[in-house]
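The values are calculated or read from the model by the stated rules, or taken from the named source; none is laboratory data. Bear in mind that the values here come from a model prediction, so they are computed numbers and not experimental data. Glycine also receives a Cβ, built like all others from the backbone with ideal geometry; neighbour counts cover every protein chain displayed. Side chains are part of the model used for accessible areas, which takes the heavy atoms of the whole protein and leaves out ligands, DNA and RNA. Shrake-Rupley method; radii C 1.70, N 1.55, O 1.52, S 1.80 Å.
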Amino acid sequence: MQIKAAIDKIPAGLMLVPLFIGSLVRTLFPEAFESQAFTHSFTGGLLTGTTALLGGFYLCLGSTIRFNSTGYVLKKGGALWFGKIGTTFVIALLIKAIFPDQNNLFLGLSALAIVAAFSDTNGAIYMALMGQLGKKKEDIAAYSIMSLESGPFFTMLILGIAGLASFPISAFVFTLLPLVVGMILGNLDEKMREFLSKGEHVFIPMLGLAIGAGINLTNVMKAGLSGVILGIAVVAITGIALFILDRITGGDGVGGLAASNTAGNAAAVPLSLAAVNPIYNEVAASATLQVSAAVIVTAILSPALTVWYAKRIEKRKVQNVGNLEV
């Protein structure tokens, strides 16, 4: 039936097709996710186990990375992480300087929704794109540093609520541990490297399915134009900033474009902050819908832009080789 071949024709299809299937399941059968029988089943585990799947992916990915390449991972991951957080911080400063009412900027968007959407990268999409486009393992592993964006901490920090959040060292340790364990195993034993590396690509469609299962497509309609504009802005603004930083750190810009998106778990940040600070109570619900819409919009636009640019680079390389031969 040529299923795999058909999926491969779609930009980042190995990630996006399962993501769309998962979101359809969530949209059509939302009540299933409230059922204990479902959530405690193998099916429920597959559709809701994003964290476990990412852990397994990192273990397999780590086995392919040699110790002498860790400097590159830190440089690349650190640059993209700084670009994402730094860009969001500048935007937050502009909002504070320009808009007197930070809970209603324009089209119903709030500072909370904007900062939450801008400050968290969709690691599964980034890693899937980098893997499918044949980038170095170290480029893929750079997300282990970028994953520190996850959760409400940096959103709180950027919004100026520093006293209401803590940043435990254990967060760094537990984020990096699977990758480090994989690296140790792969560097100690070539057979382990060979064995674990085979699992790397298997995790990509499963991650897409699990991420999609956390997205209800009706949220796009509810959020309306504001959520769509937010998603486009994330791709355009962070795409430019991360593209430049990627080039500065020795990349070709593909990694920066692959990170110009919003993580699915960013949709949970507005409600998390509302629980900590009551000033966000009135905008938390709308911000959640807007960020959810941005997740879906960036999941479509970011891969399309990344694949287009990667193909353009590849075409240039072929032309240059042809010119040299002539």
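Among the residues of the range 31-49, those identified as touching a residue at least 40 places away in the same chain (Cβ under 8 Å) and either open to solvent by 50 Å² or more (accessible area, probe 1.4 Å) or touching a Leu at 6+ places or on another chain (Cβ under 7 Å) (or both) are LEU46, LEU47, THR48. Checking the condition part of a helix (DSSP H, G or I) and either at pLDDT 90 or above or out of contact with any Ser or Thr (no Cβ under 9 Å at 6 or more places or on another chain) (or both), which residue from LEU61, LEU112, LEU19 passes? Step by step, each of LEU61, LEU112, LEU19 is checked, and only LEU19 is part of a helix (DSSP H, G or I) and either at pLDDT 90 or above or out of contact with any Ser or Thr (no Cβ under 9 Å at 6 or more places or on another chain) (or both). Comparison of ASN281, ASN219, ASN187 shows that the only residue that is in a helix (DSSP H, G or I) and modelled with pLDDT under 80 is ASN219.
Kindly indicate the residue of the range 6-30 that is in contact (Cβ under 8 Å) with a residue 60 or more places away in the chain and of a type in the set (Gly, Ala, Ser) and also surrounded by the fewest Cβ atoms within 10 Å (Cβ to Cβ) among those meeting that condition.
Looking at the filtered set, the residue picked out is GLY22.
Of the residues making up the range 227-259, just one is farther than 20 Å from LEU74 by Cβ, touching a Phe, Trp or Tyr at 6+ places or on another chain (Cβ under 8 Å) and of a type outside the set (A, V, I, L, M, F, W, C), namely THR238.
Using the structure shown, decide if GLN290 is more than 22 Å from the chain's Cα centre (by Cα) and in a helix (DSSP H, G or I). Answer is no for this residue.
Could you grab me the full set of residues in the range 106-121 that are aliphatic (A, V, I, L, M) and open to solvent by 20 Å² or more (accessible area, probe 1.4 Å)? Hit for the range 106-121 is LEU107, nothing else. The condition (being within 18 Å of MET146 (Cβ to Cβ) and modelled with pLDDT of 85 or more) is satisfied by just one residue among ALA266, ALA299, ALA304: ALA299. Quick check: is even one residue across the range 74-92 surrounded by fewer than 17 Cβ atoms within 10 Å (Cβ to Cβ) and outside any helix (DSSP H, G or I)? Among the residues of the range 74-92, not one is surrounded by fewer than 17 Cβ atoms within 10 Å (Cβ to Cβ) and outside any helix (DSSP H, G or I), which makes the answer no. In this structure, does ALA274 turn out to be part of a helix (DSSP H, G or I) and surrounded by 24 or more Cβ atoms within 10 Å (Cβ to Cβ)? No.
Being open to solvent by 40 Å² or more (accessible area, probe 1.4 Å), in contact (Cβ under 8 Å) with a residue 60 or more places away in the chain and under 26 Å from VAL297 (Cα atoms) is a description that does not apply to ILE3.
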